[in-house]
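Structure record follows, encoded as structure tokens.
Any read-out appearing in this document is the output of simple, stated calculations on the displayed coordinates, not a laboratory observation. Computed from a prediction, not measured in an experiment: that's the story for all the values here. Positions of Cβ are generated from backbone atoms using ideal geometry, with glycine treated the same way; all protein chains shown enter the neighbour counts.
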Amino acid sequence: MLFPGNSTYERHMQNVKNDMTERAREWGADLIGVADTQRLAGIGTRPADLLDGWPRAVCVAVRLADGIVDQVTHGPTALYSQHYIRVNAVLDDIATRLAAWLQSRGGSALPLPASQILCEETFVSYLSHKAVGIAAGLGWQGKSLLLVTPEHGPRVRLVTVLTDLKIPPDKPLRNRCGTCTACTDACPAGAIRGVGTDSHFATRREAVDLDACVAQLRRFSEEAHIAPYLCGVCVSSCPWGKRKKG
């Protein structure tokens, strides 16, 4: 019989996870991980009870194009802006497909938008996809607060699907930023405080001067007609995920 704790159930859920990963990759995902939502307690969601009834959060990542990210040296480009929008659309498509697939396997699912700012003062959304990615073992929290993956660095965009299927969760990775200050040094707003995260997940206020960051994003948006609010310098400057030349 299939019930939690039963070995047959556990094998079934592992098979569901394997099949889900294969389908997501067919739909365009580069990385996929599963988080136990108990690891997300206290991250802050809109609404506050968003995670109630959802024991798992599936995080999907799509890699950004190196040729575009490499051009983001001092600020966002028009190409980066359009690419950002397009990759978010791809992620939303994957999330919609994934939610339907999870439902076909007997579960319920709630896909969340890849990028939707609910408050332009605090720049918050329904939940932090980065926090889900960290809990799902896709990477660690960089000093810029970005998710840094071993495979692609921070050159990824993320989306989350909540589900009540108790798919085996992945384990978080250790932080590998060490003493690197590449993103801190490159930030055009001087907003990254360089807080190490070896022993804990830093909050936004601890790690970043949010007011300085948002002010810079608004300057870029107004001066370069870049939409949505974008920078990308910390993404481009991170050694993780950079192509080796030569």
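Residues with beta-carbon under 11 Å from that of E206, excluding E206: net charge, scoring Lys, Arg +1 and Asp, Glu -1?
On the way: positive: K143, R193, R204, R205; negative: D209.
Residues near E206 contribute +3 overall.
Let me know the shape class of segment 7-237, please: from the alpha-carbon gyration tensor, a ≥ b ≥ c as square roots of the eigenvalues, rounded when a/c is under 1.5, otherwise prolate if a/b is greater than b/c, or oblate.
Working: a/c = 1.81, a/b = 1.59, b/c = 1.14.
Prolate, because a/c is 1.5 or more and a/b exceeds b/c.
Within the set of other residues whose C-beta is less than 10 Å from the C-beta of L146, count the net charge using Lys and Arg as +1 and Asp and Glu as -1. Walk me through the numbers before you get to the answer.
Numbers: positive: K130, K143, R155; negative: none.
My count for the surroundings of L146 gives +3.
Considering only lysines 8 or more places apart in sequence, or on different chains, count the pairs in segment 7-237 whose C-alpha atoms sit under 18 Å apart. Show your work: numbers first, answer last.
Values: K17/K166; K17/K171; K130/K143; K130/K171.
Taking segment 7-237 as the scope, the lysine pair count is 4.
Evaluate the charge dipole of segment 7-237 about its Cα centre and quote only its size in Debye, nearest 20, assuming +1 on the Cβ of each Lys and Arg and -1 on the Cβ of each Asp and Glu. Display every interim value, and only then the final one.
Numbers: 24 positive and 24 negative charges, 86 e Å.
Dipole of segment 7-237, to the nearest 20 debye: 420 debye.
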